[in-house]
1. Could you work out the mean projected area of the convex hull around the alpha carbons of region 16-78, in square nanometres to one decimal?
2. Mind listing the long-range amide H neighbours of Ile75? Cut-off is under 5 Å, sequence gap 5 or more, other chains count too, H placed in the peptide plane at 1.01 Å from N.
3. In the neighborhood of Ala371, defined by Cβ-to-Cβ distances under 10 Å, what is the net charge if each Lys or Arg adds +1 and each Asp or Glu adds -1?
4. Once you order the gyration tensor axes a ≥ b ≥ c over the Cα atoms, which shape class does region 3-158 get: rounded for a/c under 1.5, otherwise prolate or oblate by comparing a/b with b/c?
5. What would the Debye equation give as log₁₀ I(q)/I(0) for region 219-262 at q = 0.14, 0.16 Å⁻¹, counting only Cα atoms as equal point scatterers?
6. In percent, what relative contact order does region 377-459 have, based on Cα pairs under 8 Å that are 6 or more apart in sequence?
7. With the contact rule set at Cα under 8 Å and sequence spacing of 6 or more, what percent relative contact order holds for the chain?
8. Could you work out how far the C-alpha centroid of region 111-140 sits from that of region 48-93, in angstrom?
Amino acid sequence: MSLIKSISGIRGTIGGKVNDNLTPLDVVKFASAFGTWLQNTQNKKNLTLVIGRDARISGEMVSSLVTATLQGLGINVVDLGLSTTPTVEIMVPELNADGGIILTASHNPKQWNALKLLNGKGEFISGDDGAKVLALAESEDFNYAEVDDLGKYETRNDAFNIHIQQILDLPMVDVEAIKAKKFKIVLDAVNSTGGIAIPMLLDKLGCETIKLYCEPNGQFPHNPEPLKEHLGDICELVKKENADLGIVVDPDVDRLALIDEKGEMFGEEYTLVAVADYLLKHKKGVAISNLSSSRALRDVARSHDSEYFASAVGEVNVVNLMKEKNAVIGGEGNGGIIYPDLHYGRDSLVGTALFLTHLARENKSVSELRAGYPSYFMGKKKIELTPEINVDDILAKMEKEYQNEEVSTVDGVKIDFENNWVHLRKSNTEPIIRIYTEAYTQEEADKLGDDIIAKIKSLI
């Protein structure tokens, strides 16, 4: 069992011992730290936080603990109940709140839960701010409110409608074009809140939805990470129903995976590529992903006379670079679409609407659309080192070894060769170097990884 404290929140498995797992005491301590930090940084009384949760089994318990703790600090709470990560992000500025907490462990299995922390813009708090929250949690320097000053509590049941309407109002979402196609879509929402929100959106877009695992009871029928090896059921159902496509979301609905009409994976890296292709075709600009995402996004951006930049891994880093470059589109290669005209957060709902617009306007099948993009294959390996070996020294040697290539040290060491690339990142917790590669074939990607491991061993 585990408890992971990081600058972006606290994540752990339910049950077990305090400080080793996500126990009720850990939830209360961390909620207290975040609430106290907000009170220390906001020059106002009567702070308000928005909270929402995915459908995992522990969600109601964790939500009750967080709500009571915030009220105990004198902070008002607006509870969205069952929600999605992007919906909570939308509702923080919508309600002029001072921050938010999303109760979700994203793609982790059902025994996990987490508190993800948002600022007043509905965006994840910065690394510096996260470090201050962690320090407060360690010090337990909390001052709770007296009885007359306890925070107020209210619920909202209109958040999905507000989120969806904002999507439908976007100029780049062509509702009429999608309606004219009458798409038949199979949805796998892994029995979480995507089973509520995505059908509501698809109904507004005139699509027929065939629901698979859409009961928000938190009983995940398969590993909730939307990877090919977990999605056999929806791939079969798409073919059986003669559907136009399949849509898969993770429990908190910030990652979007697509299945073509043949029951084949569109490729999680290509969700962002397809949406960027559509947007940059109409507005030249900048596309952003992280250093471990596919080169296909760069290729598509250049095909539209647009620029591409890569950030360090992590949503906060992607968002910061998007703001710096005033990007048209950005995201991560795991199916995370960030469309700044709506908000700066990964959002499967807006990703769905933009992809369906693209599909409708191109008048192609999903497989035909995918065939039009550069085809790359990724490999993931790691090399375990003995604790006494300095990983930073190894990375510095690799940077020097390949100094004649295009090298980035924004996040570890990324080496761009003419026909492939490799990205080396050190683990924060173990003497391990993670090795990500991409090439035109899987064999090339895997061989590049093996070659790099051999090179690293020769430098030790």
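1. Its Cα hull, projected and averaged over all orientations, spans 4.5 nm².
2. Gly151
3. Every neighbour counted, the sum reads 0.
4. It is rounded, given that a/c, with a ≥ b ≥ c, falls under 1.5.
5. Relative scattering, expressed as log10 I(q)/I(0), comes to -0.30, -0.40.
6. Relative contact order of region 377-459: 37 percent.
7. 12 percent
8. So the two Cα centres are separated by 14 Å.
Readers should treat all values here as calculations from the given coordinates under stated rules, not as data from a laboratory. Please read these numbers as outputs of a predicted model, since none were measured by experiment. Neighbour counts are summed over all protein chains in view; Cβ atoms, including those assigned to glycine, are modelled from backbone coordinates with ideal geometry.
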